[in-house]
Amino acid sequence: MTETTVVHLLRHGEVYNPTGVLYGRLPGFHLSDNGRAMADMVAKSIANRDIVTLWSSPMERAQETAAPSAEVLKLPVVLDERLTEAMNVFEGKPVAGDNRAFFRDPRNFWHFRDPRRPSWGEAYRDVVARMKSVIDDARAESRGHEALLVSHQLPIWIIRLAAESKRLWHDPRRRQASLCSLTTFTFDGDRLISVGYSEPAAALLKN
């Protein structure tokens, strides 16, 4: 008889970022007050789940998102580099709001030459490889139970696209991976049987 194992990918909560920069892998970016409330809301929503493994990206915002769940589940948070944000050459650049000037700046054109890779950052296939690896390891450790992995929007969305056999290059505005959302992979033995999505902190999302 095979066992059902569930791996939840949790995106971190809202980050305090008043200047609207692309923070990527830059250190020093923490959850906002609203982001902390989001993390608390997620923790309450999963308190009664059979989660036996809790891993997190080493980025501050991910660890801070994991903390309330660790407390509720009474589990240690294990940091894993494979869950970290994707590398992006535009880290530290202001991209929020009306950023048409950013995309029209000739100095940036070279980095936009190949959206299928993408040419501005870590290759999608490399993101898939590391995310699949960490999901497989979490599944093995949690066999017959559930695991919670805290990561970032792009890695979560890319591994979902790969799992659903969809093309990896995409419009970032159409990602379904809101702040503190859960993308859930359910396995029957070693076979992926479903991918689900939920937004336990939807009430705190800002339009």
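The values are calculated or read from the model by the stated rules, or taken from the named source; none is laboratory data. Since the model is a prediction, treat every value here as computed from it, not as a measurement. Glycine also receives a Cβ, built like all others from the backbone with ideal geometry; neighbour counts cover every protein chain displayed. Accessible surface areas use protein heavy atoms only, side chains included; no ligands, DNA or RNA. Shrake-Rupley method; radii C 1.70, N 1.55, O 1.52, S 1.80 Å.
In terms of solvent-accessible area of protein heavy atoms at a 1.4 angstrom probe, what is the ranking of MET87, MET38, highest value first?
Details: MET87 80, MET38 0 Å².
Most to least solvent-accessible, the answer reads MET87, MET38.
Give me the three principal axis extents of the range 27-122 from the C-alpha atoms, as integers in angstrom, largest value leading.
Cα spread of the range 27-122 along its principal axes, largest to smallest: 51, 26, 22 Å.
Ratio of the range 31-87's C-alpha Rg to 2.2 N^0.38 Å, to two decimals? It would help to have the intermediate numbers written out before the result.
Values: Rg = 11.2 Å, N = 57, 2.2 N^0.38 = 10.2 Å.
Ratio of Rg to 2.2 N^0.38 Å for the range 31-87: 1.10.
Considering only protein heavy atoms, what is the solvent-accessible area of PHE112 at a probe of 1.4 Å, reported in Å² to the nearest 10?
Here the residue's solvent-accessible area equals roughly 50 Å².
So what's the back-of-envelope 222 nm ellipticity for the chain, counting only DSSP H runs of four-plus at -39500 (n - 2.57) apiece and dividing by all residues, rounded to 500? Before the final figure, lay out the partial values.
Details: 5 runs with 62 residues, N = 207.
Helix-only estimate at 222 nm: -9500 deg cm²/dmol.
Under 20 °C and 1.002 mPa s, how fast does the range 1-62 diffuse according to Stokes-Einstein, given a Kirkwood radius computed over C-alpha pairs? Answer in µm²/s, whole number.
Values: Rh = 13.6 Å.
The calculation lands on 157 µm²/s.
Within the chain, which is the longest segment containing none of the GluC sites (Glu not before Pro) that sit in a DSSP loop and have at most 13 other Cβ atoms within 10 Å? Don't jump to the answer; show the numbers that get you there.
On the way: sites that count: GLU3, GLU164.
In the chain, the maximal stretch lacking such sites is 4-163.
Let me see the P(r) profile for the range 4-204: every Cα-Cα distance counted, bins of 5 Å, each bin given as a percent of all pairs.
1, 8, 16, 20, 20, 16, 10, 5, 3, 1, 0
Write down the percent of antiparallel bridges among all DSSP beta bridges whose residues are both part of the chain, to the nearest 5. Walk me through the numbers before you get to the answer.
Numbers: 17 of 30 bridges.
Within the chain, antiparallel bridges account for around 55 percent of the total.
With the contact rule set at Cα under 8 Å and sequence spacing of 6 or more, what percent relative contact order holds for the range 131-207? Before the final figure, lay out each step's value.
Numbers: 55 pairs, mean separation 15.7, N = 77.
Dividing the mean separation by the residue count of the range 131-207 yields 20 percent.
Relative to the longest principal axis of the C-alpha atoms of the chain, give the angle of the C-alpha long axis of helix 153-163, reported between 0 and 90° and rounded to the nearest 10°.
Long axis of 153-163 versus the principal axis of the chain: about 60 degrees.
For helix 33-46, report the angle its Cα long axis makes with the longest principal axis of the Cα atoms of the chain; keep it between 0 and 90° and round to the nearest 10°.
30
Any idea what the relative contact order of the chain is, in percent, if you count C-alpha pairs under 8 Å spaced at least 6 apart?
Values: 397 pairs, mean separation 69.7, N = 207.
Dividing the mean separation by the residue count of the chain yields 34 percent.
Sort LYS44, LYS166 by heavy-atom solvent-accessible area, probe 1.4 angstrom, most to least.
Ranked list, largest accessible area first: LYS44, LYS166.
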